[in-house]
Amino acid sequence: METITNKTLEKLKYELVRDGLVEYEVLDKAQRLASAEGVNIGQALISSGVLDEATLLKFLEKKLHIPYVDLEDYSLDTRCLKYISFSDARKYNVIPLFKIEDVLTVAMADPLDLFVIDKIIESAECSIEPVISSEKSILAKIDEYYNTPSTVDKIYTSSADLDFNWTDELHSEDLSDEHIQKIIRAILKQAIIEDVHELYFEQSNEGLNLVFKNQNRYENKGVIPYILVSSFVAKLKMLSNLDPSVCEVPQLGKLCFKVDEITLIASISAFPTIIGERIALKIYKPPMELSELIHDERQKQILHKSLDQSGIILVCGAQLSGKTHIIYSLLLEAVKSNRNIMTIESISKYDLKNVHQCELNENVGFNLDKALRFIEFQSPDMVYIEGVKSKHALDFLSELVYNEKTVITEFLANNMSDLREKLAYPDFQAFKALISCMIFIHSKDSIEVFDKEKVQMYL
């Protein structure tokens, strides 16, 4: 069912009657249907078979003297995507098509929405020429050009790739529009082959240095030439649902891509420095079943018991040890008990079915403090809170446990001695007393589970 937004049709709906396209009684019935079903009158007219989409769009074109553009086989100018962010495109059902001099042509489902037009003019800093398109076709183009899991295209690995080097793609003679996308894909492929989960793009005099981080060692893997930096950063941001036109403030997004038929997600953090943006990319693999990670039956019993009672489940390990992976596996296991499970995260690494995942958004003032103050109104049975670092947050975790909640959180520690030293501070005394279970990741092949008694003994 096509959607034509309300503001345009509400102003012109009686013109449909005057032009003989709809009888007044039919229009009145469609209006009541639209109100009852929570849709707009355009949707009601189309879904009830009174009008087809083509007739309605031609009517709007004639009445508004605004041209209609069929986007089905339309190729827009990708350089114009920077004028409208992904979030605004989805929110207002608009997409930029092309720009001539100081005029940006924008496809809109609701061309009489002056608020949206003013907002686009403000962000794009140019004049706007609207054209009419169906909402469905606009949304399809947004998914095609801004972000879909297939925008990076699939990555395949094999034993023959041991000598793979992403710079071969960089130095290829490919002059197509997809060349930057192929470079991104080659970088991701090399990271997967080398089992690297964290990489950085750092500004330098030569261009953008690619740095791999592996077990706290940093290795420079080559340079993206200065001439390609702007296009590379813009493409990486667009694939990650970030605004390419913004570089003065931090941005956080995520990139979906497939490797050998497995969907992976990478968080993308863009951070301004005095010589340009530094971009951090962290790759997360899909969570596994808890039984695949924990093989000892007694340890499994400890975990299942902890998931079913109030208390803090603490997941510890060094950087890149897989703490998030373990936590997501715990959440998948907890879903089986049919409870209200919620998360508070900087960015969700995977969409977990039947888990209410919440992403913080500093741009609208939705920070950790606000999330902690309001999450109790959602009556969660279990809460995962990412990386607690303040006394206030620690106290709130304790408060949740006192209210019979199960809390999952994580803590950075290189080894048990390091953990004991960090938790020795007075601020952690109440927190430690409420730990019902602790998981320590020594390595990906060595995961230890402690029950409450052992936690108190070792900490």
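Side notes on the structure shown:
- Residue that is surrounded by the fewest Cβ atoms within 10 Å (Cβ to Cβ), among those in the stretch 241-266 that are within 28 Å of A124 (Cβ to Cβ) and in contact with a Lys or Arg (Cβ under 6 Å, 6 or more places away or on another chain): S245
- Pair list, Cβ under 7 Å, 6 or more apart: the stretch 93-118 residue more than 19 Å from I142 (Cβ to Cβ), other residue of a type outside the set (V, I, T) and surrounded by fewer than 19 Cβ atoms within 10 Å (Cβ to Cβ): D102/C126; D102/S127; V103/C126; V103/S127; V103/E129; L112/K7; L112/K11
- Residue check for A191: assigned to a helix (DSSP H, G or I), out of contact with any Gly (no Cβ under 6 Å at 6 or more places or on another chain) and free of Cβ contacts under 8 Å to residues at least 24 places away in the same chain: no
- Candidates in the stretch 432-459 are the residues that are outside any strand (DSSP E or B) and within 31 Å of the chain's Cα centre (by Cα); of these, the one that is farthest from K389 (Cα to Cα) is D445.
- Restricting the stretch 126-157 to residues that are among the acidic types (D, E) and either at pLDDT 90 or above or closer than 25 Å to F59 by Cα (or both), the residue that is surrounded by the most Cβ atoms within 10 Å (Cβ to Cβ) is E135.
- So L332, is it more than 15 Å from T409 (Cβ to Cβ) and either among the hydroxyl-bearing types (S, T, Y) or assigned to a strand (DSSP E or B) (or both): no
- Residue match in the stretch 434-444 (condition: at pLDDT below 90, loosely packed, with under 15 Cβ neighbours inside 10 Å and out of contact with any Pro (no Cβ under 6 Å at 6 or more places or on another chain)): yes
- Near pairs, Cβ below 8 angstrom, 6+ apart or cross-chain, from the stretch 207-230 (of a type in the set (D, E)) to any residue that is modelled with pLDDT of 95 or more: E219/V211; E219/F212
- Yes/no for I227 being in a strand (DSSP E or B) and of a type in the set (V, I, T): no
- With respect to (1) over 13 Å from the mean Cα position of the chain (by Cα); (2) in a loop (DSSP other than H, G, I, E, B), the lone exception for L242 is condition (1).
- Residues that are modelled with pLDDT of 85 or more, in a loop (DSSP other than H, G, I, E, B) and touching a helix residue (DSSP H, G or I) at 6+ places or on another chain (Cβ under 9 Å) were ranked within the stretch 158-181; the one that is surrounded by the most Cβ atoms within 10 Å (Cβ to Cβ) is W166.
- Taken as a whole, the structure places L412 among residues that are within 29 Å of the chain's Cα centre (by Cα), of a type outside the set (S, T, Y) and at pLDDT 90 or above.
- Taking the listed residues Q301, Q251, Q319, the one that is under 30 Å from E194 (Cβ atoms) and free of Cβ contacts under 8 Å to residues at least 24 places away in the same chain is Q251, with no other qualifying.
- K258 passes every criterion in (1) among the basic types (K, R); (2) over 24 Å from I408 (Cβ atoms); (3) more than 16 Å from the chain's Cα centre (by Cα) apart from (3).
- Of the residues examined, L281 is one that is at pLDDT 90 or above and either surrounded by fewer than 20 Cβ atoms within 10 Å (Cβ to Cβ) or farther than 18 Å from F440 by Cβ (or both).
- Positions within the stretch 273-329 being under 18 Å from T409 (Cα atoms) and among the basic types (K, R), in sequence order: K305, K323
- Here E2 meets the list (1) over 32 Å from the mean Cα position of the chain (by Cα); (2) modelled with pLDDT under 80; (3) not hydroxyl-bearing (S, T, Y) almost entirely, failing just condition (1).
- The residue list I184, I95 contains one member that is within 25 Å of the chain's Cα centre (by Cα) and part of a strand (DSSP E or B), which is I95.
- Test for Q309: is it in contact (Cβ under 8 Å) with a residue 60 or more places away in the chain, assigned to a loop (DSSP other than H, G, I, E, B) and either more than 29 Å from P250 (Cα to Cα) or aromatic (F, W, Y) (or both): yes
- Extreme residue, modelled with the lowest pLDDT, among residues of the stretch 335-357 that are farther than 23 Å from H304 by Cβ and in a loop (DSSP other than H, G, I, E, B): D351
The values are calculated or read from the model by the stated rules, or taken from the named source; none is laboratory data. In this text, all values refer to a predicted model and were calculated from it rather than measured experimentally. Every residue, glycine among them, receives a Cβ derived from its backbone with ideal geometry; neighbour counts consider all protein chains shown.
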